[in-house]
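Working notes, beginning with the structure itself.
Nothing in this text is a laboratory measurement; each read-out follows from the coordinates by a stated rule. Quick caveat, the model's predicted, so the values are computed rather than measured. Ideal geometry is used to build each Cβ from the backbone, glycine not excepted, and the neighbour counts take in all protein chains shown.
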Amino acid sequence: AIDKAGNESEPGQVSTIISLPKTIIINEIAWMGTKANLSDEWLELFNPGGIDVDIANWSIYGADTDQCLNFSDADGIGNTIIPATGYLIYANHEDDVRDNSGSNIVDIWDATIGMNNNSPGQIILYNAKDCQGAIIDAVNQVDSAWLGGDSGNRVTMERIDFESSGSDINNWADNNLITKNGMDAEGNPIDGTPKAENSVSKSSTEITGTIDFPVLTYLGSPYIVRWTLAVPQEKTLTVEPGVVIKFKDGYSGMEVDGTLKAIGGEADDEKIIFTSWSSNPQPGSWKQIYFSPESAGSELENVIIRYGGNFPSSDASCPWQMAAIRVDQASITLKNSLLEHNKSKGLYLIGSPSTTLIDNVQFSDNIPCQGYFGKYYGTGILIENGSPVVKNSTFKGNIFGIEIRNGASPEIKNNIFEENEKPIYVNNSYPCFSGNQSINNSLNGILVSNSNLTQSDVWQADLPYIIDGTLGISQDTILVLEPGVVIEFKNGQSGITVRGTLKAIGAPDEKIIFTSWSSDPQPGSWKQIYFTETAGADSELSNVIIEYGGNFPSSSASCHWQMAAVFVDKSSIILKNSIVNHNKSKGIYLMNSSSVIDNVQFSNNVPCQGYFGEYYGAGVLIQSGDSIIKNSTFKSNKYGIYIQSGASLLENLTFGEKDEKNNIDIYPIP
């Protein structure tokens, strides 16, 4: 044979092909046969040019036959002309390949074709008979294995780029099982693309409905999802690194009842991207990836998820289901990824167990939904119920970094919250925090809003806990504050109501602080810690600082009688080794109480300015009961101790002198 450069060789002895004309391409090979018969082998020739080509007088050196086969000598010929940008099928038998309607589409058939599965050799196409003339195209090097295809499942071998060498292993791949057409002699679907564009060559691939393929291959990407792409129970969909999945519109998304494995690579071109098909995408341009309660074992790593979060509904402008990813009573792993520019919520975890892991994920610029009556969410992660782990992640530019609601008990550790309005929001939940950082947020702390604890909990020293409204501790419930915890109260309506037990036991060098969130706090900047008559007698505050409390909002009085930073109402506490200062009206108010106050400093507790004068300004006010106050100091208060009634024991007390003198140390004067 003579190649384009004029080199001569014996058939089957070509070891290196540097440059071939490739006017006709060996484009697809079914060397493994079909599901109907292993011997129903076929190959496809493709004409990439602009004019028709007649191969009647061409020949092919065939695989392991060691024979030169002239097309003109074939067993049967239906057509030898390959139209411009068209195809020709060369097969063992006339009925080996059919179109989707069942019509034969084989153009030339010859039983002499032999493509051995184990020792393929070469296929060489010549532009003359008897394997003479120029070599137009060739596939496989001598003695190499096939460069693609799957004999077990009868999956064809497809060429990726017709302009690149047919002997390059990187230029062939299995049919991706998504784009396919045609039937074999028995009517079985062919896992290939006879007389159609190769699945691995497409500029994009549209997919929809329930998957019947196991992998979204890189070859075939980007994938355009129209409506819903569903992964059924007990099925796994694997997404290869570098794949891009584009969702057509706000009705398009994924539903995973089985398993999704989307594990990309660290390099930018190996990330797996879920995004909008739109040329001008906006948050909410597509729906969401939904993991149902039946799903299990899903993993997403090195993925980017953008512009999701729509949820079409005729009942609400901002349905609660909105999120780019919604995980419903299921477990997933999400690592080393980015969720940005999504609508309402980036990630929504509902009842997810402790096996759910969110690790090293960036949540940024997820925006709220504009509803009829205002804006909703704009949240990186919303956690309801469940106990997932969120760690080593970054939350930036969201309204809420993390929202924790409805009894959830997640572990939130080693995360960074930057430039969010509210980094962490907690309502009626029991999270565990450690090692988190808050930088340049509108509110740098953990916002606990109108929550009522109905199960015992421990709060760790981490970011400040900012109480907005009332934090309730239910009867028979214990809240433990660990040393170093800082509690900041948002405003004059914010406080703690203890119907159960509060254990705030700090250390000399790790005091627990109750203070105002304000950057310019004043006495009365927050309400109070209120121990009701059902509060447990074992409530204890030790090594704490209580400052700037004492407000009590009332429409009936400018200085309500209940005003105090700590109000113990027909119950008892232990308060020791602590500081109570800069509070309004009263530092501690003991009503019919048997509390013990030991080694506490009361200072600068100021009176309430009412309509008709000043009221109180006492370190401690006692109204009945038999409390014990000992080893304590009272400085710069209007009243050190104000006794209305009762038989309390006062022992070893110190009162300030000179500039630190109280107006009255004990009233009435003993």
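Our note on the geometry: Cα centres of the stretch 573-635 and the stretch 348-408, 42 Å apart. Cross-link check: pairs Lys35/Lys248; Lys35/Lys261; Lys345/Lys413; Lys202/Lys271 evaluated at a Cα-Cα cut-off of 23 Å; pairs beyond the cut-off: Lys35/Lys248; Lys35/Lys261.
For the stretch 475-670, give the share of DSSP beta bridges that are antiparallel, in percent and rounded to the nearest 5; count only bridges with both residues there. Counting only bridges with both partners in the stretch 475-670, antiparallel ones make up about 5 percent.
Peptides 129-138, 655-664 ranked from most to least packed, by the mean per-residue count of other Cβ atoms within 10 Å: 129-138, 655-664. The GluC sites (Glu not before Pro) of the stretch 185-230 that meet both conditions, a loop assignment by DSSP and at most 16 other Cβ atoms within 10 Å of the site Cβ, are Glu186, Glu197.
In straight-distance terms, cross-link reach from Lys527 covers every one of the lysines whose alpha-carbon lies under 23 Å from its own, apart from those fewer than eight places away in the same chain; here that gives Lys422, Lys490, Lys503, Lys511, Lys570, Lys576, Lys584, Lys586, Lys635, Lys638. Take the convex hull of the alpha carbons in the chain; its mean projected area over all directions comes to 38.1 nm². The mean sequence distance of close C-alpha pairs (under 8 Å, at least 6 residues apart), as a share of the length of the chain, puts its relative contact order at 5 percent. Centre-to-centre separation between the Cα atoms of the stretch 210-263 and those of the stretch 278-312: 11 Å.
Rg/Rh, computed from the Cα trace of the stretch 475-670 with Rh as the Kirkwood radius, has the value 0.94.
In this Cβ point-charge picture (+1 for Lys and Arg, -1 for Asp and Glu), the chain has a dipole of about 4300 debye about its Cα centre.
Cβ-Cβ distance of Asp150 and Asn280, R₀ of 35 Å, FRET efficiency by 1/(1 + (r/R0)^6): the value works out to about 0.30. Within the shell defined by Cβ-Cβ distances under 13 Å, the residues around Lys235 carry a net charge of -4, with Lys and Arg each +1 and Asp and Glu each -1. Other residues lying with their Cβ under 14 Å from the Cβ of Tyr377 contribute a combined charge of +2, Lys and Arg counting +1, Asp and Glu -1.
The antiparallel fraction among DSSP beta bridges confined to the chain stands at about 20%. Note on the stretch 203-441: semi-axes of the ellipsoid equivalent to its C-alpha gyration tensor, largest first and rounded to whole Å, are 26, 19, 17. Computed over the stretch 147-216, relative contact order equals 29 percent, with contacts defined as Cα pairs under 8 Å that lie 6+ residues apart.
Straight-line reach from Lys235: taking Cα to Cα under 16 Å and skipping same-chain neighbours fewer than 8 places apart, the aspartates and glutamates in range are Asp212, Glu255, Asp257, Glu294, Glu299. Note on Lys375: aspartates and glutamates with a C-alpha under 20 Å away, same-chain residues under 8 apart excluded, are Asp315, Glu340, Asp365, Glu384, Glu403, Glu419, Glu421, Asp468.
Relative to one another, the C-alpha centroids of the stretch 483-503 and the stretch 70-133 are positioned 83 Å apart. Length, then width, then depth: along the principal axes, the Cα atoms of the stretch 358-430 run 34, 25, 15 Å.
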